[in-house]
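One structure is given below, encoded as structure tokens.
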Amino acid sequence: MKAIIWFTNNLRTLDHPLLHKACKEATTVEAFYCYDPSLFEEDLKGVVKIGPYRKKFLIESLLDLQEQLERLHIPLHIIVGKPEKEIPTLIENIGATDLFYQKNWHDEERQTEKAVRQNLNKQISYHSAYDQFLITPSELPFEVSELPRVFTVFRKQIEKQCSIAAPLPIPKAIDQNIKTKVSKEWETISKEVASIKNDPRTAFPFKGGSQAGLDRINSYFWDTDQVAVYKKTRNGMIGTSYSTKFSPWLANGSVSARTIYQMLKQYEIERTSNESTYWVFFELLWREFFKYVGLKHGNLLFKSGGILKKEFAQGQDTNLFLKWKEGNTSNSFINAHMKELSKTGWMSNRGRQNVASYWSKTLGQDWRRGAAYFESMLLDYDVDSNWGNWMYTSGVGNDPRDRIFDPNRQAKMYDPNGTFQKKWLQESLF
């Protein structure tokens, strides 16, 4: 078997089932990532799929992945171009007999996979697996079609009936000597990282890549014990310590949910187990829940009526959108969060709930336009978490209470001295 592994948003060697299988069974193993420049450029509507901050984080993650794979004697070929054109050419040139790839469930990814297959001119064996989950579909205590609508019901069933598998180790280095092919296009792109600077006010100053992700986990757990007070600080908005900040590495698969869970359980055994450490697991289950919402409902995530198929605001006021996006609304709490997002690619969970509710419910605008803007800007964009949370907050998803956030009340509760607002609006507000 001559294996080639197609990396997408699983940019790691630790707890990578497909890599593990290929290294165990194949005579030679090579890897590739397809970097599609069109995702980083404005489309006909002026929308950029992946903005500058996630682009920087992705490039850093790919450079880290190259180093990881080199230690296993596996070359990572980063191809610049359209997957359906470039991938079949690479597979033909390498003479691969088996293709390993992450199993996806959304149309864009599945259509790309279909196009790649159609353009392959040779017989090839396919191997795929789900590797984004904490608990895979086959391990659930119910069929995906029976996924509860309410998170609490899902959580209780998982906690009562499921055990979480240990992460797979990094495979042993294989006996081969194949050189990585680095294109001039990728060399040019990879140097762009240096031109994208972090705003000194950012709450997320970290780099992309597995090593940086594992360093962050170790720091948050073992060096600072911040995990032991997470529940008390999680509604914060300033600095690196108020929340775990694990989500960007989870989103592009530099670190797996199972790895975080295992390290969390180890911390609970060796240091302390309390309400805060449980709450980190609670947040991992929220991520898991939205993954399954996406798997169950598919394209309903992107429909105006969401998974409830209900009538909802569909305002398309471009002037309002620009004011909201640029942080020029009539509400300073909203403005501060939107300016933070535009300058750093990051926003606290508290901020995300407020600006989403304000956009869809207070302004009465189409929630999908806000979700698409988040997709472009967020460092930690994850299709299921992003669109699932926007549905939830906008009243067309999994929230049984359909609440509306009052940003003035929220500001008094979570930014009583206006510190966060002053930080981003750079003016005295109180």
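No value in this document is a laboratory result; all are computed from the given coordinates. On a predicted model such as this, the values are computed, not experimentally measured, just so you know. With ideal geometry, Cβ positions are generated from the backbone for all residues, glycine too; neighbour counts draw on all protein chains shown.
A compact table of results
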item	result
Separation in nanometres of the label points that stand 7 Å from Cα toward Cβ, at Q161 and K82	4.5 nm
Neighbourhood net charge (10 Å Cβ-Cβ; Lys/Arg +1, Asp/Glu -1) for Q132	-1
The chain: equivalent-ellipsoid semi-axes (sqrt of 5 x gyration tensor eigenvalues, Cα, Å)	35, 25, 23
Separation of the D215 and Q123 label points, Cα + 7 Å toward Cβ, nm	4.9 nm
Lys, Arg +1 and Asp, Glu -1 on Cβ, resulting dipole of the chain about Cα centre, debye, nearest 20	820 debye
Excluding exposed DSSP-loop GluC sites (Glu not before Pro) (at most 16 other C-beta within 10 Å), longest clean stretch of the chain	144-310
Ellipticity estimate at 222 nm from DSSP helix runs (n ≥ 4, -39,500 (n - 2.57)) divided over the chain, nearest 500	-13500 deg cm²/dmol
Point-charge dipole on Cβ atoms (K/R +1, D/E -1) for region 2-131, about Cα centre, debye to 20	180 debye
Compactness of region 2-131 as Cα Rg over 2.2 N^0.38 Å, two decimals	1.05
Full-extension gain in nm, I174 to S38, via 0.36 nm per residue minus C-alpha separation	45.5 nm
Fraction of antiparallel bridges per DSSP, the chain only, in percent to nearest 5	5 percent
Loop-located trypsin sites (Lys or Arg not before Pro) in region 233-275, at most 16 other Cβ atoms within 10 Å (DSSP)	R271
Candidates per trypsin sites (Lys or Arg not before Pro) in region 26-104, loop by DSSP, up to 11 other Cβ within 10 Å	K45, R71
Magnitude of the charge dipole, region 295-430, Cβ model with Lys/Arg +1 and Asp/Glu -1, debye to 20	180 debye
Pairwise centroid distance, computed over Cα atoms, of region 171-193 with region 378-411, Å	39 Å
Formal net charge of residues neighbouring D199 (Cβ-Cβ distance under 9 Å; K, R +1; D, E -1)	+2
Listed residue (Q266, T224, P248) projecting farthest to the positive dipole end of region 208-268, Cβ model	P248
Calculated FRET value between W279 and M1, using beta carbons and R₀ = 60 Å, to 0.05	0.85
Listed residue pairs exceeding 18 Å between alpha carbons, taken from K56/K82; K45/K325; K21/K103; K361/K423	K56/K82; K361/K423
Cβ-based charge dipole, region 144-187, positive-most Cα from V144, Q157, P171	Q157
Separation in nanometres of the label points that stand 7 Å from Cα toward Cβ, at K45 and K412	3.8 nm
Positive dipole terminus of the chain, leading residue within W105, C23, G395 (C-beta point charges)	G395
